[in-house]
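Have a look at the structure below, then the notes.
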Amino acid sequence: MQICPASFDLIDPVLFTIPELFGVGPFPIRWYAIAYIAGLFLGLWWVLRLVSRDHLWGLSKATQRAPYTKDFVEDLALWIMLGVIGGGRLGYVLFYAVWDDNSPLWDNPLWALTGITEGGMSFHGGLIGVALAIYFTSRAHNAPLMRVADAVATATPIGLFFGRLANFINGELWGRASDVPWAMRFAADPECLLRHPSQLYEAFLEGAVLFAVLAWLVYRHKALARPGLATGVFLAGYGLFRGLVELVREPDIHMPEALQGFVTMGMLLCVPMIALGAWLIRRALKAQAVGGPKPA
């Protein structure tokens, strides 16, 4: 691999390696894996924190109880993890790899599964996987679907923050060429250009800012008392932030030729997110808040 001079991504993507034991291994532990684990467990901690604060859900003292239990949340976390990995990989294959004539998929269809160790995950595919995990787990436990989705939505930016930092460490998903003072070169860039560190923009907007907005709505404006509101804000907020960053992110090569130069795949996938988010926000604001007066 070409290494650009003065590149900023010289952090080794492998944090450490577990040596071979009894003929098995070695096992490299990558920053990307640490990011997934950190996002999952911190997200789980955040949802459990919300579950332990019944007043946030708009319930009176006489009937104070969260709409689902700690045991349910821990069970849900396992299925969300599987949804993120399975949906993320399948989404990458369907949204990106199938448009690339040079993709290993065409020579080896099993690469769709085995190639996950080489990278290639789609946020939008992971989102669909998580949505399915929430739906089926809520149905199996007879838990209120939108209220489960709201809690998960408030925690998702935590995982996005760590995931985008891992993208930066891996030196992938860089931005367009730029002459801004903070532009960076990335070691794997074949053109070795100064570029926007778009991974850091996404970590800040999709992660830190979106989490702060949702936490503010939950704690200051009791957003969880209006089922669907937090989910709508997350979907619309992510779609808007991702769409903005796509303006400075290197365009996808995995696009139908007729659309290249006009829109990116990220932009296209964000449109239904924004539309669904806006509909959920409107629906939640028009409905009666749990434990509150009927809307005028």
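Every residue, every condition in (1) closer than 30 Å to LEU42 by Cα; (2) crowded, with 20+ Cβ neighbours inside 10 Å; (3) modelled with pLDDT under 85, yes or no:
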residue: GLY232; (1), (2), (3): yes, yes, no
residue: GLY243; (1), (2), (3): yes, no, no
residue: VAL263; (1), (2), (3): no, no, yes
residue: VAL271; (1), (2), (3): yes, no, no
residue: ALA275; (1), (2), (3): yes, no, no
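Taking the conditions (1) at pLDDT 75 or above; (2) part of a loop (DSSP other than H, G, I, E, B); (3) not acidic (Asp, Glu) in turn, PHE72 satisfies each one other than (2).
Can you tell me which residues in the range 263-275 are of a type in the set (A, V, I, L, M) and farther than 19 Å from LEU217 by Cα?
Taking the range 263-275 as the starting set, the residues that turn out to be of a type in the set (A, V, I, L, M) are 263, 265, 267-269, 271, 273-275.
Passing the criteria: VAL263, MET265, MET267, LEU268, LEU269, VAL271, MET273, ALA275.
Residue check: is PHE123 within 21 Å of TRP46 (Cβ to Cβ), modelled with pLDDT under 90 and crowded, with 19+ Cβ neighbours inside 10 Å? Full working, then the answer.
On the way: within 21 Å of TRP46 (Cβ to Cβ): yes; modelled with pLDDT under 90: yes; crowded, with 19+ Cβ neighbours inside 10 Å: yes.
For PHE123, the condition - within 21 Å of TRP46 (Cβ to Cβ), modelled with pLDDT under 90 and crowded, with 19+ Cβ neighbours inside 10 Å - is met.
Count of the range 262-281 residues, restricted to those that are over 16 Å from ALA131 (Cα atoms) and of a type outside the set (A, V, I, L, M, F, W, C), is 2. Look at (1) crowded, with 17+ Cβ neighbours inside 10 Å; (2) modelled with pLDDT under 95 and you find that ALA153 fails only one, number (2). Residues of the range 194-210 that are surrounded by fewer than 22 Cβ atoms within 10 Å (Cβ to Cβ) and within 15 Å of the chain's Cα centre (by Cα): LEU200, TYR201, PHE204, LEU205, ALA208, VAL209. The conditions of being surrounded by fewer than 22 Cβ atoms within 10 Å (Cβ to Cβ), at pLDDT below 90, within 22 Å of LEU205 (Cα to Cα) and of a type outside the set (Phe, Trp, Tyr) are met by ILE169.
PHE186 meets each of the listed conditions (1) farther than 30 Å from ALA287 by Cα; (2) at pLDDT 95 or above; (3) buried (at least 22 other Cβ atoms within 10 Å of the Cβ) apart from (2).
The values are calculated or read from the model by the stated rules, or taken from the named source; none is laboratory data. Predicted model only: the values in this text are computed from it and were never measured. When we count neighbours, we look across all protein chains shown, and the Cβ atoms used for this are built from the backbone with ideal geometry, even at glycine.
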